[in-house]
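**Student:** One structure is given below, represented as structure tokens, and several questions about it will come after.
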Amino acid sequence: MFQLLRRLRGNQSGTSIIEFGIAGPVVLMAIIGCVEFGRFFWIRNTLEHAIEEAGRFAVINKSASASTIQTQVRNKVMGISPSVIVVTVTDTAGPSVTYRTIVATTTASGTTPAGYVSLVGGFLPVTRLPLRAETRVVVPQ
């Protein structure tokens with residue numbers, strides 16, 4: 001019996017598969033997390049870019065309606081469906097200018113509550129992150 005235990009204690013075959021079984025899921029989750037957070041920031045950046053472009057459009061086209069500006073934002077966003085984006089356009093009149101505030105957020109889609117983008121279909125513990133972009137431009141009268 002002692003000879004069998006001595007022989008098994010010296011046997012190293014199979015240790016790499018056990019080490020991989022312990023470290024593999026951790027490394028895989030780290031890689032998936034990096035990819036998903038990168039995707040989230042890419043979507044957020046495209047939404048912010050779309051809002052900025054809509055602000056430039058509003059400055060150039062002074063008489064542009066709110067629905068036209070909303071369409072401009074939805075046409076520029078990539079990574080999420082344009083139908084889940086809510087765009088609000090608010091005009092505030094000043095003495096010689098009008099301030100136009102454009103805000104975009106996401107709406108509820110499936111089990112994801114309003115204002116959130118889902119990550120990895122619910123496999124990660126952090127499955128929802130808020131997504132909102134805003135700009136304010138001066139539209140001369």
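**Student:** Filter the trypsin sites (Lys or Arg not before Pro) in region 1-69 down to the DSSP loop ones having no more than 13 other Cβ atoms within 10 Å, then list what survives.
**Tutor:** Values: sites: Arg6, Arg7, Arg9, Arg39, Arg44, Arg56, Lys62; in loops: Lys62.
Answer by residue number: Lys62.
**Student:** Separate question: Place a point 7 Å from the Cα of Ser65 along the Cα-to-Cβ direction; which residues of region 75-89 have their backbone N under 15 Å from it?
**Tutor:** Residues 89 fall inside that zone.
**Student:** Computed FRET efficiency, Cβ-Cβ of Cys34 and Thr101, R0 25 Å: what is it to the nearest 0.05? Could you put the intermediate results ahead of the total?
**Tutor:** Numbers: r = 34 Å, r/R0 = 1.37.
Once rounded, the FRET efficiency stands at 0.15.
**Student:** Apply 1/(1 + (r/R0)^6) to the Cβ-Cβ distance of Glu53 and Ile22, taking R0 = 35 Å, and write down the FRET efficiency to the nearest 0.05. Provide the component values of the computation, followed by the final result.
**Tutor:** Numbers: r = 48 Å, r/R0 = 1.38.
Calculated value: 0.15.
**Student:** Please find the FRET efficiency linking Val138 to Met78, where r is the Cβ-Cβ separation and R0 is fixed at 25 Å, and quote it to the nearest 0.05. Don't skip to the answer; put the middle values down first.
**Tutor:** Values: r = 28 Å, r/R0 = 1.11.
It comes to 0.35.
**Student:** Long-range amide H contacts for Val86: which residues qualify at under 5 Å (H placed 1.01 Å from N, peptide plane, sequence gap of 5 or more or a different chain)?
**Tutor:** Answer set, sorted by chain and number: Thr105, Thr106, Thr107.
**Student:** Still on this model: At 1.4 Å probe size, with no ligands or nucleic acids counted, give the accessible surface of Glu19 in Å², nearest ten.
**Tutor:** So the heavy atoms of Glu19 present about 120 Å² to solvent.
The values are calculated or read from the model by the stated rules, or taken from the named source; none is laboratory data. Since the structure is predicted, the reported quantities are computational estimates derived from the model, not experimental observations. So basically every Cβ, Gly included, is an ideal-geometry build from the backbone, and we count neighbours across all protein chains shown. SASA here: full protein model, heavy atoms, side chains in, ligands and nucleic acids out. Shrake-Rupley method; radii C 1.70, N 1.55, O 1.52, S 1.80 Å.
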